Amino acid sequence: MGSPKLETLVPFLPSFAFCLVLLVIIPSCSVPAYSSMLETQALLIWKSSLQKQNQSTSSLSSWTLPPQNATDFNATSACPCGWYGISCNQAKSVIGINLTSSNIRGTLNELTFSSLLCLAYVDLHINELFDYIPPQVGLLTNLTYLDLSFNQLSGIIPREIGELTKLEVLDLAFNELNGSIPDEIGQLCLLNELALFSNQLDGCLPSSLGNLSSFARLSISNNSFSGSIPLEMGNLTNLEEIDMGGNSMKGPIPPTFGKLMKLTELHLYCNKLTGFLPPMLGNLKLLRELNLHRNNLYGSIPSTLGNLTKLTLLYLLDNRLSGYIPDELGNLRAMIQLKLNHNQLIGRIPPSLGNLTYLRYLLLRNNQLSIDLSLHHNQLSGQWPIEGFSNTSLSSINLSNNKFGGPLPLPSPSTRFYSIEKNKMEGKISSSICIATGLLLLILSNNNLIGSLPECLSNCSIGLLVLNLRMNHLSGIIPERFSLQSSLRTLDLSQNQFEGTLPQSLVNCKNLEVLDFSKNKIEDNFPVWVETLPKLKVLILRSNNFKGRLDFLRVAHLFPKLHILDLSNNNFTGPLPANLIVKLQGMMSAQIGREPQNKSLYMSYPTGITTYEDSVKVIMKGNEILLVRILTIFITLDLSLNSFEGNIPDVIGHLQSLVGLNLSHNHLMGSIPPTLGNLTNLEWLDLSTNKLSGMIPRELGDLTFLGYLNLSENQLMGCIPQNKQLSTFTSDSLRGNLGLHGTPLQSTSHNDTQPSPPLLAFFQEDNTKEYANWFDRKVVGIGYASGIVIGISIAYISSKIGRPKWLARKVRRMERRVAKWMKKSKQNAIIFHGGS
């Protein structure tokens with residue numbers, strides 16, 4: 001039955017005409033029964049204005065009148081008290097509307113609030129209400145609870161809400177409200193909870209908030225509030241929870257917050273707060289969570305925080321805090337998550353932090369909450385005791401990017417994530433590290449570790465997903481016992497001194513995606529068995545002693561997902577492996593087109609604790625670059641610095657997704673195949689220092705993304721094509737080919753020494769020395785986007801120069817283009833970091 005229109009109600013109104021007179025004099029809540037007709041009328045008119053509510057299956061299908069010809073019709077039969085979501089008092093007056101998640105779509109404009117004066121409870125959250133909040137809501141003077149959250153309401157918060165003097169809970173979160181909080185809110189003396197988070201509200205917080213003596217919970221996070229925190233809020237001694245995170249609040253944290261003795265949670269993260277941490281915060285003995293991360297707070301960590309013995313979460317990361325970590329933090333025996341990273345803290349870790357014996361796992365709905373210690377990106381130094389965290393229950397330990405030295409501290413048996421990369425750790429990796437039988441990620445790169453690799457890290461005694469030991473001084477033979485039960489996804493042993501051959505048992509690691517053994521002393525033939533790893537995307541064997549020919553005659557499918565293949569600087573011989581090249585399905589555009597579009601921009605792996613992002617070093621445009629993240633569309637083939645001979649096979653033109661191709665420093669001969677013109681995503685091409693002859697194919701001019709070309713030191717001849725992209729390169733790209741003539745060889749200028757790629761930016765310190773030594777000293781950060789979009793190459797960003805704002809803006813614009821091409825949101829944009 002459809003909802004009645006207003007004219008349907010008219011025949012019933014004369015019977016109750018006298019009620020209308022009474023309503024002029026007496027509030028409707030004092031008129032039993034006779035107000036029901038007006039309430040019914042108000043609710044039915046509102047229903048008729050809503051969308052999707054005329055079907056018999058709608059949430060409001062019970063909102064209807066009895067038939068007009070009903071013989072027993074009376075005032076009671078028109079009462080809405082039996083309707084869905086409606087509750088009444090004993091006098092049959094409507095006192096509550098609860099339509100949570102009822103698929104209500106429409107506005108509140110047609111709801112006659114003046115006919116619903118008894119309402120005490122309104123909950124309409126999780127619907128599709130839009131337009132503004134009507135000022136008439138101020139007529140509901142008996143209202144104690146109003147929840148309009150998770151809708152699409154817009155406009156300002158009406159000042160008339162200040163007339164709801166009985167209101168205890170006001171929740172308008174997750175809407176599209178704008179403007180500021182009206183001063184009249186301060187008139188709601190009984191208000192206990194105010195939730196306005198995730199709107200578009202701005203302006204300063206009204207000082208009238210300090211009048212709300214009953215206030216217990218304030219949540220206004222993820223808006224655009226500015227100005228300082230009102231000092232008057234220190235008078236709200238009943239406050240239990242404050243969440244102002246994700247705004248633009250400025251100024252200091254009011255010292256008066258130290259008077260809020262009932263406070264259990266204080267969240268002021270992601271603002272622009274400045275000044276010192278008030279020592280008075282140490283008075284808040286009931287505080288369980290203190291989250292101040294990503295502000296501009298400076299000075300030392302007050303030792304009074306050690307008084308907060310109930311504290312389970314302390315986030316001070318991403319500030320400018322300096323000085324030492326106070327010993328008193330060791331008193332926080334209830335601590336679950338401690339994050340002090342990205343500050344300017346110095347000195348030794350206080351021994352008291354090693355006594356985290358009271359930390360234990362918390363269970364919530366059969367899920368295990370991780371217990372974290374995060375001190376990374378500071379300047380902390382000193383040594384940890386060898387027993388380290390073995391007596392704790394820490395599940396996540398991140399001490400990376402500091403100056404810790406001494407032996408490697410042991411993790412907890414409960415540890416799942418352990419990173420101490422980029423420190424000065426020394427000594428051997430003890431086999432006792434495998435007491436962490438649940439360890440998923442072990443990242444010990446960029447230290448001074450020596451000795452061999454413990455065998456327990458290769459077998460199934462622990463379920464490692466990531467083992468990253470890059471850039472240490474480890475040596476010996478890589479263990480042979482990689483188990484069939486292995487979950488290993490990333491194995492990076494690069495820049496060490498490992499010897500012998502690669503363990504063939506790695507073929508058991510069917511989940512492997514990244515294998516990097518570059519810059520070791522491994523002496524072996526090419527490990528043909530790796531071709532069967534079904535998920536392998538990155539294989540880097542650069543700078544070892546691999547030798548022999550690359551023959552792949554009997555295998556039908558090779559490296560189905562390989563994106564990066566780097567065999568450079570070894571001793572491979574024979575012709576370029578055409579049978580390998582023709583089977584690299586992961587480098588062909590048809591295969592890339594079949595990749596799901598909802599994947600991440602980067603090669604990453606969520607572990608439940610963190611999302612690990614792979615990083616590798618590659619030779620890009622003649623320079624060794626660290627990619628701190630690997631874009632999924634970054635596809636390169638590097639066979640340079642070997643002893644390959646013969647012709648470049650035509651089938652290389654099938655690899656249409658390549659963005660980089662390096663065949664330099666070999667003994668290749670014959671002509672450059674015109675099929676290279678099919679590599680339309682190519683951004684750099686290096687064929688230098690070979691014995692190539694013949695003319696430069698005009699098809700190379702079709703490579704519109706080509707930003708780096710090196711054909712130097714060959715035996716090319718003839719006129720240099722002047723079409724399209726080829727005309728943009730300098731003489732350095734072609735030098736050492738005595739038979740070539742034409743521009744640019746005849747018109748070399750002083751500008752020819754500059755790098756040609758327009759997006760390759762170099763920043764370096766003064767007094768640079770010889771190239772190899774200079775490169776080894778620099779912090780290198782690179783993010784890369786290529787192919788259909790545009791190349792991004794940012795390299796050699798020196799620590800003295802930092803990250804120029806103009807460059808960051810340019811990079812972000814290019815990142816957004818990549819994200820758009822990948823059908824990703826801007827939130828996934830590339831972040832550039834330093835690396836080494």
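The values are calculated or read from the model by the stated rules, or taken from the named source; none is laboratory data. Fair warning: this is a prediction, and the values are worked out from it, not measured in the lab. When we count neighbours, we look across all protein chains shown, and the Cβ atoms used for this are built from the backbone with ideal geometry, even at glycine. Note: areas computed on protein heavy atoms with side chains; ligands, DNA, RNA excluded. Shrake-Rupley method; radii C 1.70, N 1.55, O 1.52, S 1.80 Å.
Observations on the model:
- Of all residues in the stretch 520-538, those satisfying the criterion of being in a loop (DSSP other than H, G, I, E, B), surrounded by 20 or more Cβ atoms within 10 Å (Cβ to Cβ) and modelled with pLDDT of 90 or more are Asn520, Ile522, Phe526, Leu536, Lys537.
Quick grid of which residues meet (1) more than 21 Å from Asn222 (Cβ to Cβ); (2) open to solvent by less than 40 Å² (accessible area, probe 1.4 Å):
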| residue | (1), (2) |
| --- | --- |
| Lys259 | yes, no |
| Leu268 | no, yes |
| Gly275 | yes, yes |
| Pro278 | yes, yes |
| Leu281 | yes, yes |
| Leu284 | yes, yes |
| Arg288 | yes, no |
| Asn295 | no, yes |
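- The residue of the stretch 721-733 that is most open to solvent (accessible area, probe 1.4 Å), among those that are modelled with pLDDT of 80 or more, out of contact with any strand residue (DSSP E or B) (no Cβ under 6 Å at 6 or more places or on another chain) and part of a loop (DSSP other than H, G, I, E, B), is Gln722.
- Scanning the stretch 170-205 for residues that are within 15 Å of Thr237 (Cα to Cα) and assigned to a loop (DSSP other than H, G, I, E, B), we see that the one that is nearest to the chain's Cα centre (by Cα) is Asn192.
- Those residues of the stretch 621-641 which are assigned to a loop (DSSP other than H, G, I, E, B) and open to solvent by 10 Å² or more (accessible area, probe 1.4 Å), in sequence order: Lys621, Gly622, Val628, Arg629, Thr632, Ile633, Leu641
- Test: residue in the stretch 704-713 that is at pLDDT below 90, open to solvent by less than 20 Å² (accessible area, probe 1.4 Å) and more than 20 Å from Gly653 (Cα to Cα): no
- Counted residues, the stretch 410-444 - those being touching a Pro at 6+ places or on another chain (Cβ under 6 Å), not polar (S, T, N, Q) and not in a loop (DSSP other than H, G, I, E, B): 3
- Glu193 over 24 Å from Arg288 (Cβ atoms) and surrounded by fewer than 20 Cβ atoms within 10 Å (Cβ to Cβ): no
- Count - residues of the stretch 126-141 that are part of a loop (DSSP other than H, G, I, E, B) and surrounded by fewer than 20 Cβ atoms within 10 Å (Cβ to Cβ): 4
- Within the stretch 162-179, if we keep just the residues that are open to solvent by 30 Å² or more (accessible area, probe 1.4 Å) and among the charged types (D, E, K, R), the residue that is farthest from Asp147 (Cα to Cα) turns out to be Glu163.
- Residue in the stretch 684-699 that is at pLDDT below 90 and open to solvent by less than 30 Å² (accessible area, probe 1.4 Å) present: no
- Residue within the stretch 354-371 that is open to solvent by less than 10 Å² (accessible area, probe 1.4 Å) and at pLDDT below 80 present: yes
- Scoring Ser208 on the criteria (1) hydroxyl-bearing (Ser, Thr, Tyr); (2) surrounded by 18 or more Cβ atoms within 10 Å (Cβ to Cβ); (3) part of a loop (DSSP other than H, G, I, E, B); (4) in contact with a helix residue (DSSP H, G or I) (Cβ under 7 Å, 6 or more places away or on another chain) leaves a single failure, condition (3).
The rows are residues; the columns are (1) open to solvent by less than 20 Å² (accessible area, probe 1.4 Å); (2) out of contact with any strand residue (DSSP E or B) (no Cβ under 7 Å at 6 or more places or on another chain); (3) closer than 24 Å to Tyr708 by Cα; (4) not in a helix (DSSP H, G or I).
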{"residue": "Gly574", "(1), (2), (3), (4)": "yes, no, no, yes"}
{"residue": "Leu580", "(1), (2), (3), (4)": "yes, yes, no, no"}
{"residue": "Lys583", "(1), (2), (3), (4)": "no, yes, no, yes"}
{"residue": "Glu645", "(1), (2), (3), (4)": "no, no, yes, yes"}
{"residue": "His665", "(1), (2), (3), (4)": "no, yes, yes, yes"}
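- Among the residues of the stretch 374-403, those identified as among the hydrophobic types (A, V, I, L, M, F, W, C) and buried (at least 23 other Cβ atoms within 10 Å of the Cβ) are Leu375, Leu380, Phe389, Leu394, Ile397, Leu399.
- Highlighted here are the helices (runs of 4 or more DSSP H) found entirely within the stretch 1-108 that include at least 1 residues which are at pLDDT 85 or above and open to solvent by 30 Å² or more (accessible area, probe 1.4 Å): 36-49.
- Taking the criterion of being farther than 25 Å from Lys262 by Cα, open to solvent by 30 Å² or more (accessible area, probe 1.4 Å) and not in a loop (DSSP other than H, G, I, E, B), the residues of the stretch 297-323 that qualify are Tyr298, Arg320, Ser322.
- Selection from the stretch 219-239 of residues that are under 30 Å from the mean Cα position of the chain (by Cα) and under 22 Å from Arg288 (Cβ atoms): Ser219, Ile220, Ser221, Asn222, Ile229
- Only one of Ile462, Ile443, Ile433, Ile397 that is closer than 27 Å to Val628 by Cβ, at pLDDT 90 or above and in contact with a Leu (Cβ under 9 Å, 6 or more places away or on another chain): Ile443
- For Gly234, the criteria (1) out of contact with any Lys or Arg (no Cβ under 8 Å at 6 or more places or on another chain); (2) closer than 15 Å to Leu268 by Cβ hold in every case but one, which is (1).
- Taken together, the residues in the stretch 667-676 that are under 16 Å from Asp702 (Cα atoms) and open to solvent by less than 10 Å² (accessible area, probe 1.4 Å) amount to 3.
- In the stretch 454-507, counting only strands (runs of 3 or more DSSP E) that sit wholly within it, the ones holding 2 or more residues that are under 31 Å from the mean Cα position of the chain (by Cα) and not aliphatic (A, V, I, L, M) span 490-492.
- Selection status of Leu117, at pLDDT below 90, closer than 29 Å to Asn175 by Cα and in a loop (DSSP other than H, G, I, E, B): no
- Pairs linking a residue in the stretch 229-251 that is within 16 Å of Gly210 (Cβ to Cβ) and acidic (Asp, Glu) to a residue that is part of a helix (DSSP H, G or I) and open to solvent by less than 10 Å² (accessible area, probe 1.4 Å), with Cβ atoms under 8 Å and 6 or more positions apart or on different chains, are Glu232/Leu209.
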